[in-house]
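Undergrad: Have a look at the structure that comes next, please.
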Amino acid sequence: MRVLGRGFGGMRRQQPSVCRILATLAVLADHGVHAQDCDPQCTGDETCQTQCIAATCAAGQYILNDFGACTDCPAGYFCTGGTDPPEGCPAGTSLASTGGQSSADCGSCDPGYTAVSEGQASCDPCPAGSSCATRTDEPVPCTPGSYSEPRATACTQCPAGFYCPLSSAGPQPCPDGSYSEDGAASCTDCPAGSQCAAADQVPTGCEPNEVSSANAIACTPCPAGYSCPDSDQASLEACAVGTYSLAGETTCTTCPAGYSCAPDDLTACPDGSYADGATVSDERVECVPCDPGYMCADRTVSTRVACSPGSFSVGGESVCTVCPAGFACPNADGSGIEECEGGVTYSTGGQIACSPCQVGYACSKATHIPCGAGTYSADAEDEDGQVLEKVCLPCAAVPAGYFCDHQNPERECPAGTSSAGGDVTSCTECEAGYYAAPPAASCAPCEVGQFSTALSASCSPCPAGMSCSEQKNPGGVRLWRIQSGGRGSMYSVPRRPLVQ
């Protein structure tokens, strides 16, 4: 009978005294090998013909029992043959099949797999959440902030912008308003006064005129109606009545004169109104409209200026309105405005009453222009005889003894003057020695023994003791006093210039 060697069960056996060796069978049973029962009548000194025949096994097999039965070497082991027991594959290797003949049949574990014990039929995959840098060592758990998938040879650091709460799970993205750096097991909330636009970047502080609350992805301008002493949104302070701030301004400012003002708004007063900060309603500084009859040119003060005569304001005006031509404006508040009557009254603008049209003028309700030389004024009427306006017409067909001026198309020539008629605009003055009684077409000479001075309507008899001689020269009519001896002294009546 042969003796089993070392390696299978770790025992060295001596020649047995019974067919069955329970210890050997127990070891074989642990590896899935079961021996057939030998004939219990056989002894160690006998050779059973059928069941208990001692033998030498080939490579890849081993003696299963004391009676010489050879069996394939189990998985995870190799058998060199003979009487040697199975030997386990070294740590870091495995053998899945039976019948292994040498350690060369044991395969090294792939990266990410381990075989910590000898005699493994298969390598164990490295579990998720651990690293297996070697094939023979136990898996090493990943440190917080790192992770691994199954069969990993090393743990991976959680990337920035992600967190790894479990080393056996993959990275989880940080929610909006939080961030993480490399190797984070959890995300960090973005602090108030900062912004976290990207989860993989550290927070950046808000600008001086910006604010943010915790977990903000962006800063926002300081809101209108508040002061912002710092960048934390929780520090906002509402502006008081009479002060304001616009978006992006960090302090509240007193409402300036000339503006309507709420805590979150500033609006310039419209023309014709003013604001001096004294009028407040519904927490707003209000603009006050200028009163009728006054103008408010400066919106920053409450001073008002009364409209001058001939101008008006209906209220809310920055300047008074000049009364338009053709109208009369008796009241400064714009009430009682009257329209002038064309051809009868007129206004050229800025008047409190309409003026009467004068003779010799072209006159509409808005104009009053004197007629020029050779023209005269006349009424222009509508079909109902209503005077619309006065117009200037050219002089024409004037009767003899009359002339046309801008007031009358047929004015009689005064005594001592004459006109031939037609389109004449003046009378001719009679010279001395001539006369004209109106209406006269021409100046007539005085008869012999009579005389006249210039512009005479008639001739006068020559005084007694005088001689009257009509002269044609500019000296006029000469009167001679008759003296003794036939001589006399001369008197001259001066000639007056013609009147146009």
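The values are calculated or read from the model by the stated rules, or taken from the named source; none is laboratory data. Predicted model only: the values in this text are computed from it and were never measured. Positions of Cβ are generated from backbone atoms using ideal geometry, with glycine treated the same way; all protein chains shown enter the neighbour counts.
Undergrad: Among residues belonging to the range 63-82 that are aliphatic (A, V, I, L, M) and part of a loop (DSSP other than H, G, I, E, B), point out the one that is nearest to Asp110 (Cα to Cα).
TA: Step one: list which residues in the range 63-82 are aliphatic (A, V, I, L, M), which gives 63-64, 69, 75.
After this cut, where a residue has to be part of a loop (DSSP other than H, G, I, E, B) as well, the list is 64, 69, 75.
Details: Leu64: 32, Ala69: 36, Ala75: 18 Å.
This residue is Ala75.
Undergrad: Which one of these is in a loop (DSSP other than H, G, I, E, B) and at pLDDT 95 or above: Pro85, Pro127?
TA: From the options Pro85, Pro127, the qualifying one is Pro127.
Undergrad: Touching a Ser or Thr at 6+ places or on another chain (Cβ under 6 Å), assigned to a loop (DSSP other than H, G, I, E, B) and among the small types (Gly, Ala, Ser): which single residue out of Ala247, Ala240, Ala297, Ala278 fits that description?
TA: One residue alone meets the criteria, Ala297.
Undergrad: Here's something else I'd like to know. Could you please give the count of residues in the range 198-213 that are crowded, with 18+ Cβ neighbours inside 10 Å and not acidic (Asp, Glu)? Full working, then the answer.
TA: Residues of the range 198-213 crowded, with 18+ Cβ neighbours inside 10 Å: 199, 203, 206, 210-212.
Now restrict to residues that are not acidic (Asp, Glu): 199, 203, 206, 211-212.
The qualifying residues number 5.
Undergrad: Suppose we keep only residues that are touching a Gly at 6+ places or on another chain (Cβ under 7 Å) and farther than 30 Å from Glu210 by Cα within the range 167-197. Which one would you say is surrounded by the most Cβ atoms within 10 Å (Cβ to Cβ)?
TA: Ser167
Undergrad: For a quick check of your reading of the model, give me the residue pairs whose first member lies in the range 376-391 and is in contact (Cβ under 8 Å) with a residue 40 or more places away in the chain and within 23 Å of Phe403 (Cβ to Cβ), whose second is surrounded by 12 or more Cβ atoms within 10 Å (Cβ to Cβ) and of a type in the set (Phe, Trp, Tyr), with beta-carbon atoms closer than 8 Å and at least 6 apart or on different chains.
TA: Lys390/Tyr361
Undergrad: Another one. Report yes if Ala275 is among the aliphatic types (A, V, I, L, M) and farther than 25 Å from Val319 by Cα, otherwise no.
TA: When the stated conditions are applied, Ala275 does not pass them.
Undergrad: Pull out all pairs, ordered by first then second residue, where Cβ-Cβ is under 9 Å, the residues are six or more apart or on different chains, the first lies in the range 329-350 and is closer than 26 Å to Val391 by Cα, and the second is assigned to a loop (DSSP other than H, G, I, E, B) and of a type in the set (Val, Ile, Thr).
TA: Listed by first residue and then by second, the contacts come to Cys329/Ile337; Cys329/Ile352; Tyr346/Thr367; Thr348/Thr367.
Undergrad: Would you check which residues across the range 185-209 are without any contact (Cβ under 8 Å) to a residue 24 or more places away in the chain and not in a loop (DSSP other than H, G, I, E, B) and list them?
TA: Thr188, Thr204, listed by residue number.
Undergrad: Just the residues that are within 25 Å of the chain's Cα centre (by Cα), of a type in the set (D, E, K, R), over 30 Å from Pro330 (Cβ atoms) and surrounded by fewer than 18 Cβ atoms within 10 Å (Cβ to Cβ), please, taken from the range 244-283.
TA: Asp264, Asp265
Undergrad: Tell me, please, whether a residue that is under 26 Å from His406 (Cα atoms), of a type in the set (Gly, Ala, Ser) and in contact with a Leu (Cβ under 6 Å, 6 or more places away or on another chain) can be found in the range 353-360.
TA: no
Undergrad: Of all residues in the range 75-94, count the ones that are surrounded by fewer than 19 Cβ atoms within 10 Å (Cβ to Cβ) and under 23 Å from Val116 (Cβ atoms).
TA: 2
Undergrad: Still on this model: Kindly check whether there is at least one residue in the range 62-74 that is modelled with pLDDT of 95 or more, crowded, with 20+ Cβ neighbours inside 10 Å and out of contact with any Cys (no Cβ under 6 Å at 6 or more places or on another chain).
TA: yes
Undergrad: What residue, of Gly248, Gly258, Gly316, is on the phi > 0 side of the Ramachandran plot and at pLDDT below 90?
TA: Numbers: Gly248 fails: at pLDDT below 90; Gly316 fails: at pLDDT below 90.
Answer to the check: Gly258.
Undergrad: Same structure, new question: Return the only residue of Ser168, Ser97 being part of a loop (DSSP other than H, G, I, E, B) and without any contact (Cβ under 8 Å) to a residue 24 or more places away in the chain.
TA: The conditions single out Ser97.
Undergrad: Something else about it: From the list Val305, Val344, exactly one residue is surrounded by fewer than 16 Cβ atoms within 10 Å (Cβ to Cβ), β-branched (Val, Ile, Thr), modelled with pLDDT under 95 and out of contact with any helix residue (DSSP H, G or I) (no Cβ under 9 Å at 6 or more places or on another chain). Which is it? If you could, list the steps in order and put the result at the bottom.
TA: Values: Val344 fails: surrounded by fewer than 16 Cβ atoms within 10 Å (Cβ to Cβ).
Answer to the check: Val305.
Undergrad: For the range 99-112, state whether one or more residues are under 11 Å from Ala152 (Cα atoms) and surrounded by 18 or more Cβ atoms within 10 Å (Cβ to Cβ).
TA: yes
Undergrad: Name the one entry in Asp405, Asp423, Asp379 that is exposed (fewer than 14 other Cβ atoms within 10 Å of the Cβ) and on the phi < 0 side of the Ramachandran plot.
TA: Asp423
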